[in-house]
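The structure appears right after this line, and notes come after that.
Every number here is computed from the coordinates shown, using simple stated rules; none is lab data. Nothing here was measured: the structure is a model prediction, and the numbers come from that model. Neighbour counts are summed over all protein chains in view; Cβ atoms, including those assigned to glycine, are modelled from backbone coordinates with ideal geometry.
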Amino acid sequence: MMQTGRLHLDPAREDHIFDLVETDCSYVDKYAGILDATAHQQCPGIVVRGLYGSRQIAEVNERLSRNEPRHLRVAHGRSADNPDQEPVHYFGLNLVNAKPDLNAYLDFAVRFRVFSAELFESLPTFEAVIRQTLERLVPPRRVLSPRFEDDRLYGPATIRIFPPGTEVPPHCGNTMLRETAQYAHLRTLVGRADQLSYFMLINKPDSGGQLVLYDLVWQASNMQNRDSVRLDYSEVVNRRWQPVRLSAGDLIIFNGGRIYHSVTRIEGKQPRRTIGGFLSFSRDASAIYYYS
């Protein structure tokens, strides 16, 4: 049994459960339509290798490690097992952590876009690259950032920092999209297809920090059960699991709304750094929205 913090992964249960599509960023056009299939459980998702080149992403990682934007920092609680452990923290605010009026969230969105432009200075901005990539994957649909009732834009992404010793428990996203108060306005824009997750790896830790997908999926019948969002570790200990191997600069888009997934404990001295958010198709399926 391999133990990563509280997460136990039985090597005998590692398996090839999902056929994730893998492609180089140059050939994304070949997979137009794949996100429709992903949102309707016909494909688990796609890994796009080399969204940014190794030198480009190393430059971004160096800038981020040298100048973390404290004005955007949102801590995500300390470990009960180790209160001295530096917590997971985000730069930017996710909808699920916002207040229902979204005022602070929308303010964070403005400041995040300013910082992101600085972080990717002299490079194509992450938001521009994501938009272009999505446009190649969902033609002829539009790719949009949602706008609130007062016309303010939603956040495009968050940057997530996972210090050594941290991990992410098993969870999925559909209940958050369909039930929580913070998503009330977004629900007026998007349809009932599954919420997709997307992120790019900025910095790979020395060891661990691996995305793990389980042979366990969200069911609409469980929407009133808090465990339909986040599971206790014991509920996946006997499940088959599949690691997803990513390098810095790689992008993954997968059905994180329905497939339970976790991140193994980060080991060594280097943190795991990612940037990403979520995707949802519009009610009339004429557009796809990206947001944090």
Once phi is turned into ³J(HN,Hα) by the Karplus curve 6.51 cos²θ - 1.76 cosθ + 1.60 with θ = phi - 60°, what whole-Hz value does each residue of the stretch 34-48 show in order, with x for glycine and proline? 5, 6, 4, 5, 5, 5, 10, 6, 9, 7, x, x, 9, 10, 9
Quick one: Karplus J couplings for the stretch 210-220, per residue in order, coefficients 6.51, -1.76, 1.60, θ = phi - 60°, nearest Hz, x for Gly and Pro? 9, 5, 10, 9, 10, 7, 9, 10, 5, 10, 4
Could you pull out every residue, at least 5 positions away or on a different chain, whose amide H is within less than 5 Å of the one on Gly256? Hs are placed 1.01 Å off N in the peptide plane, and Pro or chain starts have none. Ser197
As I understand it, the dipole of the chain uses +1 on the Cβ of Lys and Arg and -1 on the Cβ of Asp and Glu, about the Cα centre. Which of Tyr52, Asn94, Gly268 lies farthest toward its positive end? Asn94
If the only charges are +1 at each Lys and Arg Cβ and -1 at each Asp and Glu Cβ, what is the size of the charge dipole of the stretch 166-292 around the Cα centre, to the nearest 20 debye? 120
For the stretch 163-202, take every pair of Cα atoms, bin their distances at 10 Å starting from 0, and report each bin as a whole percent. 22, 42, 27, 9
Distance cut-off 25 Å, percentage of C-alpha pairs in the stretch 90-236 lying past it: 39
Once amide hydrogens are built 1.01 Å from N within the peptide plane, the residues lying 5 or more places from Asp10 or on another chain with amide H under 5 Å from its amide H are Met2
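Hey, can you list the DSSP H helices of the chain whose Cα span along the axis is 15 Å or longer and whose average Kyte-Doolittle score is at least 0.0? Working shown, then result.
Working: long enough: 54-66 (18 Å, -1.14); 103-119 (24 Å, 0.48); 126-137 (16 Å, 0.06).
Qualifying helices, which must be both long enough and hydrophobic enough, are 103-119, 126-137.
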Pick from Val190, Val48, Val244 the residue whose mean-square fluctuation is largest in a GNM of the chain, springs joining Cα atoms under 10 Å. Val244
Along the charge dipole of the chain, which of Phe148, Thr38, Ser282 sits closest to the positive end, that is, farthest toward it, with unit charges on the beta carbon of Lys, Arg, Asp and Glu (+1, +1, -1, -1)? Phe148
GNM of the chain, Cα pairs under 10 angstrom: of Pro44, Pro139, Pro164, the biggest fluctuation goes to Pro139
Mean separation of Cα contacts under 8 Å (6+ apart) over length of the chain, as relative contact order %: 28
Please express the Cα-Cα pair-distance distribution P(r) of the stretch 156-273 as a list of whole percents, one per 10 Å bin, running from 0 to the bin with the greatest distance. 13, 41, 34, 11, 0
Percent of C-alpha pairs per 5 Å bin, the stretch 84-167, short to long: 3, 13, 19, 19, 19, 16, 8, 3, 1, 0, 0
Taking the chain and counting helices only, DSSP H stretches of n ≥ 4 at -39,500 (n - 2.57) each over all residues, the nearest-500 ellipticity at 222 nm comes to -6000 deg cm²/dmol
Pull up all non-local amide H partners of Ala157: gap of 5 or more, or a different chain, and H-to-H distance under 5 Å with H placed in the peptide plane. Ser292
Give me the one-decimal nm value for the distance between modelled label points at Ser54 and Thr125, 7 Å along each residue's Cα-to-Cβ direction. 2.9
Which Rg and Dmax, in Å, describe the Cα atoms of the stretch 1-148? 18.9, 50
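With +1 on each Lys and Arg Cβ and -1 on each Asp and Glu Cβ, how big is the dipole of the stretch 1-154 about its Cα centre, in debye rounded to the nearest 20?
It works out to roughly 320 debye.
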Two-site label geometry, Ala75 and Glu22: point separation in nm, points 7 Å out along Cα→Cβ: 3.9
As a test of understanding, state the convex hull volume per residue of the stretch 1-76 from its alpha carbons, in Å³. 202
So what is the relative contact order for the stretch 89-187, in percent, with contacts set as C-alpha pairs under 8 Å and at least six apart? 42
When the dipole is taken about the Cα centre of the chain, and only Lys, Arg (+1) and Asp, Glu (-1) are charged at their Cβ, what size is it in debye, to the nearest 20? 300
Taking the radius of gyration and the Kirkwood hydrodynamic radius from Cα positions alone, what is the Rg/Rh ratio for the chain, to two decimal places? 0.93
